[in-house]
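To start, the structure under review is shown below, and the notes come after it.
The values are calculated or read from the model by the stated rules, or taken from the named source; none is laboratory data. Please read these numbers as outputs of a predicted model, since none were measured by experiment. Cβ sites come from the backbone with ideal geometry, for glycine too, and all protein chains shown count toward neighbours. Only protein heavy atoms, including side chains, enter the accessible area calculation; ligands, DNA and RNA are left aside. Shrake-Rupley method; radii C 1.70, N 1.55, O 1.52, S 1.80 Å.
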Amino acid sequence: MQPVTEYKDYREYLLDYYRERKRSSAFTWREFAKLAGFASGAHLKLVCDGKMRLREEGAKKTAQAMNLSAFEQEYFVLMVRYERAKTDLEKKKCFEEMQALCEANRVKILGSELYSYYETWKHSVVRELAVAMPGAKPSEIAKACKPPISAADVSESLYFLVKSGLLTRDIKGNYHQTNQSLSSGRLNVVAVAVHSLLRQMGEFALEALDKLPISERNFSGITMGVSAEGYAKIVEELAQCRKRIVSIVTEDKNVEKVCRLNMQLFPLTENICNGTSVRGPKIN
């Protein structure tokens, strides 16, 4: 089995543990539950099926039943606590505990680099500017940012980007992206940081609406009534649009500035139970 720190979901780890035991013995869900001290023999099976959730005390007993080391037990309990957290702030605090625990035990945590990358807008902008401004000093890159940041911020970001493998530096001191496009993927832990980044970029968008002339920004929107099927088609169309934009950016070698594109689709009403909807999109 992979180490517990390489899992993003405690249920996946439980299921892999059970399957591993099952391969070499007549191990059953009932036996697993009994070892963990649960009265119901189907408890852990229902947890893995997503029909029940582990509580923290149950997580501790389950980790002990799996004979995990003290460090692994603590990490497993934090995974359960993370999954039960209701707000981004709670999830962020829990993930930072997981990071600190792994660092103290010199273990790499899955998704930690991307989590840090998406936690602030500075990394994504510096990652683009460092390549577009070969030979530029941190102070010069800092002045090119909107809003401006300090040279120390740029230096810290460059160090992080190189250390995380998101940038490389050649013998001339110029930076190169290891991958031109970067996706947050499906890591649950990264999602919390992405939410933070989206909020920051949303605030910048409001500032741009007020401060930039129309020639330097493009804002538009549609208010529309849609069905569930129509909504799904729109989401897919937006996904394809993003892919086409990434292709354009990939082929564009003459970078003159770094831009941000926000794509947002969200409801303005509750579901209309009688099935009626407003036809005809309204352009705003």
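Scanning segment 111-151 for residues that are among the β-branched types (Val, Ile, Thr) and in contact with a helix residue (DSSP H, G or I) (Cβ under 8 Å, 6 or more places away or on another chain) returns Thr120, Val126, Ile141, Ile149. Would segment 106-120 turn up any residue that is more than 27 Å from Thr178 (Cα to Cα) and among the polar types (S, T, N, Q)? No, segment 106-120 has no match at all.
Mind listing just one residue for me: the one in segment 133-151 that is part of a helix (DSSP H, G or I) and more than 12 Å from Val258 (Cα to Cα) and, of those, least open to solvent (accessible area, probe 1.4 Å)?
Ala142
In segment 97-105, the condition of being in contact with a strand residue (DSSP E or B) (Cβ under 8 Å, 6 or more places away or on another chain) and either small (Gly, Ala, Ser) or in contact (Cβ under 8 Å) with a residue 60 or more places away in the chain (or both) is met by no residue. If you go through segment 211-249 and keep only what is in a helix (DSSP H, G or I), of a type in the set (A, V, I, L, M) and either in contact with a Ser or Thr (Cβ under 6 Å, 6 or more places away or on another chain) or open to solvent by less than 100 Å² (accessible area, probe 1.4 Å) (or both), you end up with Ala228, Ala232, Ile234, Val235, Leu238, Ala239, Ile245, Val246, Val249.
Looking across segment 258-270, the residues that are without any contact (Cβ under 8 Å) to a residue 40 or more places away in the chain and surrounded by 10 or more Cβ atoms within 10 Å (Cβ to Cβ) come down to Cys259, Leu261, Leu265.
With respect to the conditions (1) over 24 Å from the mean Cα position of the chain (by Cα); (2) more than 19 Å from Met201 (Cα to Cα); (3) not polar (S, T, N, Q), Lys143 lacks only one, and its number is (2).
Filtering segment 24-51 to residues that are touching a residue at least 24 places away in the same chain (Cβ under 8 Å), surrounded by 14 or more Cβ atoms within 10 Å (Cβ to Cβ) and in a loop (DSSP other than H, G, I, E, B) leaves Ala36, Gly37.
Listed conditions (1) under 22 Å from Ser164 (Cα atoms); (2) in contact (Cβ under 8 Å) with a residue 40 or more places away in the chain are all met by Leu54, apart from (1). Hey, among Glu229, Glu270, Glu203, which residue is farther than 28 Å from Pro147 by Cα and modelled with pLDDT under 90? Of Glu229, Glu270, Glu203, the one residue that is farther than 28 Å from Pro147 by Cα and modelled with pLDDT under 90 is Glu270.
For segment 209-242, residues that are more than 12 Å from Asn262 (Cα to Cα) and either among the aliphatic types (A, V, I, L, M) or touching a Phe, Trp or Tyr at 6+ places or on another chain (Cβ under 9 Å) (or both) total 11. Of all residues in segment 152-171, those that are aliphatic (A, V, I, L, M) and either open to solvent by 40 Å² or more (accessible area, probe 1.4 Å) or in a loop (DSSP other than H, G, I, E, B) (or both) total 4. Leu68 fulfils the conditions (1) assigned to a helix (DSSP H, G or I); (2) crowded, with 17+ Cβ neighbours inside 10 Å except for a single criterion, (1). Among the residues making up segment 126-171, a single one is in contact with an Asp or Glu (Cβ under 9 Å, 6 or more places away or on another chain) and of a type in the set (Phe, Trp, Tyr): Phe160. Looking for something outside any helix (DSSP H, G or I) and open to solvent by less than 40 Å² (accessible area, probe 1.4 Å) - is there at least one such residue anywhere in segment 88-101? No, segment 88-101 contains no residue that is outside any helix (DSSP H, G or I) and open to solvent by less than 40 Å² (accessible area, probe 1.4 Å).
For segment 117-132, the count of residues that are open to solvent by 30 Å² or more (accessible area, probe 1.4 Å), assigned to a helix (DSSP H, G or I), over 25 Å from Asp153 (Cβ atoms) and not aliphatic (A, V, I, L, M) is zero.
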